[in-house]
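A.B. asks: Here it is, the structure, as structure tokens.
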Amino acid sequence: MSGFRNGKVIADAPNALKRFLEPGLKRRAGEACEMCGQPIVEQHSHVVNVESRTLMCTCRACYLLFTHSGAAQGKYRAVPDRVLNLNSFRLSTAEWDAMQIPVGMAFFFYNSSMKKITAFYPSLAGATESMVPLEAWDDLVAANPVLRELAPDVEALLIYRRRGEDQFQCFIVPIDACYELTGKVRRYWKGFDGGEEVWREIEEFFSGLRARSRDRNEGSSAVE
């Protein structure tokens, strides 16, 4: 998990993202909405500041202000809560290798400021960016049209391949879930192969995703 081929660590991760990346910095109940200052509970919503790529913890009222396209002239976007389990997602080992991701887990989202697909993988240093060849991504979208539904900046394609397995688990998830996973990897990884604790955390994370997800088979109607 600690490879850095074709990647760079996001050393200047915004403060809100660091809550997921640093041990012990998870927001606690009783703290305040970062937009209006009202108290928020532990299970709360998030809004992305598209310009600064900041993930903001918000109360429900502030969150709802940015659920519509074009709100605040597109500067802020509410992070949705849908999770899709892409049961029939088409991805071969060769296609994964073409993505040039050095590990078996990564997330991909459309960065509207940069106008491109961006890939990150969890590493000991946090979220590490990896270049995605445009042709490889276009081929993946052609094989899996569901990817055209990804909401820019706030939803991601999350791919995971267990150690020693060829099969991929693929989901569309809220972007904050990806940073939660990144924080778990950074927090629990030990030694060369991570140790059993981090792999238990990873498996529990994906079990939780499956439990809250809706199954999505290619060709089915879009989920609202």
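A.B. asks: Of (1) part of a strand (DSSP E or B); (2) open to solvent by less than 70 Å² (accessible area, probe 1.4 Å), Y110 satisfies all except one. Which?
C.D. replies: (2)
A.B. asks: Against the conditions (1) within 17 Å of the chain's Cα centre (by Cα); (2) in a loop (DSSP other than H, G, I, E, B); (3) among the polar types (S, T, N, Q), where does T67 fall short? Just the number, please.
C.D. replies: It fails just one condition, (1).
A.B. asks: Restricting attention to the stretch 86-104, which residues are under 21 Å from R214 (Cα atoms) and surrounded by 15 or more Cβ atoms within 10 Å (Cβ to Cβ)?
C.D. replies: Those that are under 21 Å from R214 (Cα atoms) and surrounded by 15 or more Cβ atoms within 10 Å (Cβ to Cβ): L86, F89, L91.
A.B. asks: Could you check the stretch 118-136 and list, in sequence order, the residues that are part of a helix (DSSP H, G or I) and open to solvent by 20 Å² or more (accessible area, probe 1.4 Å)?
C.D. replies: Once the filter is applied, which keeps residues that are part of a helix (DSSP H, G or I) and open to solvent by 20 Å² or more (accessible area, probe 1.4 Å), the stretch 118-136 yields L134, E135.
A.B. asks: Here's another thing I want to ask about it. Just to be sure, is R148 open to solvent by 10 Å² or more (accessible area, probe 1.4 Å), among the charged types (D, E, K, R) and within 23 Å of G208 (Cα to Cα)?
C.D. replies: no
A.B. asks: Just to be sure, is A142 more than 20 Å from N49 (Cβ to Cβ) and at pLDDT below 95?
C.D. replies: no
A.B. asks: Something else about it: Within the stretch 45-73, work out how many residues are closer than 14 Å to N111 by Cβ, of a type in the set (S, T, N, Q) and open to solvent by less than 20 Å² (accessible area, probe 1.4 Å).
C.D. replies: Matching residues across the stretch 45-73 total 1.
A.B. asks: Could you list all residues from the stretch 157-183 that are open to solvent by 40 Å² or more (accessible area, probe 1.4 Å), in contact (Cβ under 8 Å) with a residue 60 or more places away in the chain and either part of a helix (DSSP H, G or I) or farther than 16 Å from A106 by Cα (or both)?
C.D. replies: Result: E180, single match.
A.B. asks: Let me ask you something else. How many residues does the stretch 32-44 hold that are closer than 27 Å to G74 by Cβ and either surrounded by 12 or more Cβ atoms within 10 Å (Cβ to Cβ) or in contact with a helix residue (DSSP H, G or I) (Cβ under 9 Å, 6 or more places away or on another chain) (or both)?
C.D. replies: Result for the stretch 32-44: 8.
A.B. asks: I've got another one for you. Just to be sure I understand, how many residues within the stretch 137-168 are more than 19 Å from F205 (Cβ to Cβ) and not β-branched (V, I, T)?
C.D. replies: Qualifying residue count for the region: 16.
A.B. asks: Sort out which residues of the stretch 185-202 are in contact (Cβ under 8 Å) with a residue 12 or more places away in the chain, assigned to a helix (DSSP H, G or I) and open to solvent by less than 40 Å² (accessible area, probe 1.4 Å), and write them in order of number.
C.D. replies: Within the stretch 185-202, V185, V198, W199, E201, I202 qualify.
A.B. asks: Is it true that some residue in the stretch 179-192 is closer than 25 Å to S69 by Cβ and not acidic (D, E)?
C.D. replies: Looking for residues that are closer than 25 Å to S69 by Cβ and not acidic (D, E), one finds at least one in the stretch 179-192, hence yes.
The values are calculated or read from the model by the stated rules, or taken from the named source; none is laboratory data. All of these numbers come straight from a predicted model, not from anything done at the bench. Ideal geometry is used to build each Cβ from the backbone, glycine not excepted, and the neighbour counts take in all protein chains shown. What goes into the accessible areas is simple: the full protein's heavy atoms, side chains included, and nothing from ligands, DNA or RNA. Shrake-Rupley method; radii C 1.70, N 1.55, O 1.52, S 1.80 Å.
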